[in-house]
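Computed from the coordinates by the stated procedures, all read-outs in this text should not be read as laboratory data. Since we're looking at a predicted model, the values are computed, not measured. Cβ atoms come from the backbone with ideal geometry, glycine included; neighbour counts cover every protein chain shown.
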Amino acid sequence: MDKKKRTIEWNKIFEILLVFLVIPTLIFYLISLRWPDFLNYAYYFIVWLFVFQSGLSYTYSLSAFRRKIFRELPTAKHAIIPKTTFIVTAYLPNELEVIEDTLLNILEHIQRPQDGIELILVYNTPRMEGIEPRLRELAYKWPELILANAYDSRSKSENLNYALEIASGEMIVLLDADHLVAPDCLKRAWRWLDEGYNVVQGRCKIRNGRRSPVSALVEVEFEVIYGISHYAKSKLFDSTLFGGTNGYWRSALIKKLKFNPERLTEDIDTTLRAILQGNHIVHDRSIISTELAPETLTGLWFQRKRWAQGWFQCSLKYQMAILESKFLNIFQKFMWTTLLMWRVIYDILSHLLFPIVFAFWLIKGRIELPMNSFIWFALFFVMLSGPFEALVAYKNASLPRARVWQYLYYAFFAFGYTLFKNMIQVVAIRDELLGKREWVVSQRKNEK
């Protein structure tokens, strides 16, 4: 990673600390000198925000505790699995080390439908030497493999749009370059599409969790995301999101929607456009695909900052449309609001807890925690939400499970990790408001 980029990010963190820690502390202090009760009201308001957010966590964890068993609906047509197109998008040579395993896993292990499969590797690359000969060898051996060099592409969205133009399958599977999808994925996904759903999101599992402390943490986090959060939303609200990979689409729909190159999270943008048109997405955590997590804190920072900035873009663009949609019921609107503008508001306001406490110390002239029975309840309620997630994630984990110590590790650092991600969210908002949009390519290496 470029040292200059790391320095710039540290400068952004210092800006955020100044704006959300130092300056608010002084403001709260000065206001409380004039209106002493203001600090107390602000303190309880922020604590209630933490309690509400943790309440959502407990709700999702409890609802995900039991597995939703697939039950065939009367709308099922019992159609056979149609010809399917796998689209794997890659930036080469950055992902050359992992792309061959991904392609061979599909070509050699996928249980094929009667009409066969089509595999499109769509990629963009700054240089061609030494790359395409290796890929052509695979294409000669496997006629169903199509190599699509998106010459003018500058983004994943443009790669995908290029591949969609030539895809011929009735069902389209979208995968990132490092994904190893389960052999029975098509059978499991098609049963939902056959019933009338338009998109199926599978479960993504980390396979390099033993490589570093960062990837160990992310491995359990993904069990929380895909084993609890996405699954619970699908179960409770009959709505969920397409996460960018291990997604199964009806061809006609994704070809109509395509992907917006202006969005840093093109998957969320496409998800929202799909549901606003009345389409339905379901999450099936039995459709498993493994991927590689960032192994360094720097890699994780840039990945999550892109995600956060893309979510912020979508929040600004689609929040009102969600509230006004005739295709969503009030509960689904609530769910999507918690994912869109609520997360923006929460990420910003949650930073004010520390300035309020610091201002309280300045007023008192000593370090003293403002505690009472409600605050003690809130403290334990909030701090235990992460460990409870870890417990439910362990129970629901796809096999092979991460090691027990990783779940304890996640449980211990859950609150601090949440604060870390909140910081990333605010830096991402800062970048978006200033027009700073950058896609830092993730470094991916095979797990050997």
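Some values worked out for this structure:
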item	result
Test: residue in the range 165-175 that is assigned to a helix (DSSP H, G or I) and under 28 Å from ASN260 (Cβ atoms)	yes
Helices (runs of 4 or more DSSP H) contained entirely in the range 234-334, each with at least 1 residues that are without any contact (Cβ under 8 Å) to a residue 40 or more places away in the chain and under 15 Å from the mean Cα position of the chain (by Cα)	266-276, 297-324
Pairs, first under 16 Å from LEU419 (Cα atoms) in the range 11-34, second surrounded by 13 or more Cβ atoms within 10 Å (Cβ to Cβ) and of a type in the set (Phe, Trp, Tyr), C-beta under 9 Å, six or more apart	PHE20/PHE354; LEU21/PHE354; LEU21/PHE358
Given (1) touching a residue at least 60 places away in the same chain (Cβ under 8 Å); (2) surrounded by 13 or more Cβ atoms within 10 Å (Cβ to Cβ); (3) out of contact with any Pro (no Cβ under 7 Å at 6 or more places or on another chain), index of the condition SER157 fails	(3)
Which numbered condition PHE222 misses (of (1) touching a strand residue (DSSP E or B) at 6+ places or on another chain (Cβ under 7 Å); (2) over 29 Å from SER385 (Cβ atoms); (3) of a type in the set (Phe, Trp, Tyr))	(2)
Residue check for SER63: more than 30 Å from GLU432 (Cβ to Cβ) and touching a residue at least 24 places away in the same chain (Cβ under 8 Å)	yes
